[in-house]
Each structure stands twice: as C-alpha cells, then as structure tokens.
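The values are calculated or read from the model by the stated rules, or taken from the named source; none is laboratory data. Keep in mind the model is a prediction, meaning the values are calculated, not measured. No Cβ is skipped: glycine too gets one built from the backbone with ideal geometry, and neighbour counts run over all protein chains shown. All accessible areas refer to the heavy atoms of the entire protein, side chains included, with ligands and DNA or RNA removed. Shrake-Rupley method; radii C 1.70, N 1.55, O 1.52, S 1.80 Å.
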Amino acid sequence: SEKKTLSFYNTHTQEYLCADYWINGDYMPDTLSRINYILRDYRTNDIQPIDTRLLDLLHILSTQITANQPFHIISGYRSHETNALLRKQSRKVAMHSYHMFGKAIDISIPGCCLSELRNAAMKLEMGGVGYYPRSEFVHVDTGPVRHW
C-alpha cells in the first residue's frame with residue numbers, strides 16, 4: 001500500500017506525533033485531526049484545519065533531507081490574536097500571515113542545517129520559503145512561490 005507519513009515534535013508543548021496521513025490515495029481524517037491538534041495555536045489552544053497541500057509539501061521535503069528526524073514545530077496555526085501579538089513584537093510578522101489560515105509552518109529538523117532545509121524547500125517551488133537563521137527556523141507556506 002502507498003503511504004505518506006509525517007513526524008512532528010511541538011517545541012512548545014513537547015508533543016510528538018508520527019502518523020500516516022495519506023493511504024492509497026486518501027487523506028486519513030483521524031490523522032488530519034491529530035495533525036491539526038499538534039499544529040494548534042499553543043497560546044490560545046485554537047485549532048484550525050491545516051492545508052493538505054502544506055502536509056504534502058512537508059512530506060516531499062522530508063524525503064529530500066538526510067536527517068531522519070521529526071519536523072520541530074516552532075509555529076503552526078496562529079489565531080488572529082496571536083498574530084496581532086507577534087506583530088507588536090516583530091515587524092517581520094505579516095498582517096495576513098498564512099499561519100492564520102493553516103497554510104504555513106515554521107520548522108527546523110535536528111541534525112539538518114537550516115540552509116540545507118531552506119535550499120531543499122526552495123527547490124520544490126511549492127510556495128513561500130522564509131529563512132530565519134538567528135531564530136533557527138525555516139518558514140514554508142502554500143502561497144505564491146517566493147523567498148526571503
């Protein structure tokens with residue numbers, strides 16, 4: 001059988017998930033719910049459906065990376081409240097951030113240098129890629145192909 005698997009570690013809640021989210025051409029609703037939960041806004045506990053295109057992007061990305069480790073989640077879904085709070089703290093936070101629509105994630109992978117992660121994401125040309133070496137994460141989203 002054909003499967004797509006994703007592994008996540010939430011750096012804020014210390015939760016871990018490794019699950020097949022797609023099997024034989026179908027997304028698995030129970031697994032998607034578990035992914036939506038681990039990628040929730042940890043500040044407010046709000047949960048939003050995560051774009052399956054983002055999950056597919058992450059799955060392909062995971063096959064391009066040599067480090068066999070889960071994606072460490074720095075930020076997944078973000079409520080409007082959380083996004084407004086983060087905008088007050090940093091000019092780099094977009095007003096209409098893709099995080100608020102379940103279409104963006106900030107990640108790192110233990111054992112994988114950030115530039116390798118960024119370069120692999122950029123090569124996919126499946127959306128936006130942001131590089132934040134000082135904060136030690138790479139942003140990927142399912143918006144237009146662009147990078148910063």
**Fill in**
Asp46 fails exactly one of (1) more than 28 Å from Ser115 (Cβ to Cβ); (2) modelled with pLDDT under 95, namely (2)
**Asked** Does Lys3 meet the test of being over 16 Å from His139 (Cβ atoms), open to solvent by 90 Å² or more (accessible area, probe 1.4 Å) and basic (Lys, Arg)?
**Response** yes
**So Thr5, is it on the phi < 0 side of the Ramachandran plot, more than 11 Å from the chain's Cα centre (by Cα), without any contact (Cβ under 8 Å) to a residue 60 or more places away in the chain and not in a strand (DSSP E or B)** = no
**Message:** Give me the residue from region 61-76 that is β-branched (Val, Ile, Thr) and surrounded by 15 or more Cβ atoms within 10 Å (Cβ to Cβ) and, out of that set, farthest from Ser33 (Cα to Cα).
**Reply:** Ile65
**Filter pass, Asn45 being under 17 Å from Ile105 (Cα atoms) and under 13 Å from the mean Cα position of the chain (by Cα)** = no
**Message:** Filter region 76-95 down to the residues that are touching a helix residue (DSSP H, G or I) at 6+ places or on another chain (Cβ under 6 Å) and touching a residue at least 24 places away in the same chain (Cβ under 8 Å) and list them by number.
**Reply:** Arg78
